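Q: Before I ask anything, here is the structure I am working with.
Nothing in this text is a laboratory measurement; each read-out follows from the coordinates by a stated rule. Bear in mind the structure is a predicted one, so any value in this text is a computation, not a measurement. No Cβ is skipped: glycine too gets one built from the backbone with ideal geometry, and neighbour counts run over all protein chains shown.
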Amino acid sequence: MRHLALRELAEYNSIRCREWQGPNGIASWSLSDWAVEMAGETGEACNIVKKMNRIRDDVERSNEDSQELHRKLADELADVVISASLLALRAGINLDRAVVEKFNATSKKNGLTSVIPEG
């Protein structure tokens, strides 16, 4: 399986947006449209986790086993990352840089030594 950097995902998202939504591509939707898209995908991921928790707590039986739910969660989390990339792209944010800066700032703020090398 190939690994994909966030900057590459942004490039592929840009290409697919032009293919899917026409020449305006990412600009076909507003910033709030992309934010709602991401929120919807996040909600779908949370719903899968809710089902997993109900099985864990023996509150509910499910037609789906934990392995199937795990696969569905992976799919939904992928959708969250893709939609976050689209939102960042629409906002003109370099998500690679933003993630490194935020990760490192949080580590520094909390006195942790785990940082992502910059550069």
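Q: Report, in order of residue number, the helices in the chain meeting two criteria: a C-alpha extent of 30 Å or more along the helix axis, and a mean Kyte-Doolittle hydropathy of at least -1.0; treat each whole DSSP H run as one helix.
A: Passing helices, by number: 31-56, 66-91.
Q: What's the exposure ranking of GLU68, GLU41, going from fewest to most Cβ atoms within 10 Å? Don't jump to the answer; show the numbers that get you there.
A: Values: GLU68 13, GLU41 20.
Ranked by crowding around the Cβ, least crowded first: GLU68, GLU41.
Q: Which ordering of LYS51, LYS109 is given by a fewest-first count of other beta-carbon atoms within 10 Å?
A: On the way: LYS51 18, LYS109 8.
The fewest-first ordering by Cβ neighbours comes to LYS109, LYS51.
Q: Among SER32, SER83, SER14, which comes first, then next, by fewest other beta-carbon atoms within 10 Å?
A: Ordered from fewest to most neighbouring Cβ atoms within 10 Å, SER32, SER83, SER14 come out as SER32, SER14, SER83.
Q: For a quick size check, give me the Cα extents of the chain along its three principal axes, largest first, whole Å.
A: That gives 46, 46, 31 Å along the principal axes, largest extent first.
Q: HN-Hα J couplings of region 110-118 from phi, Karplus 6.51/-1.76/1.60, θ = phi - 60°, integer Hz, Gly and Pro as x?
A: With coefficients 6.51, -1.76 and 1.60, one gets 9, x, 9, 8, 6, 9, 8, x, 8 Hz.
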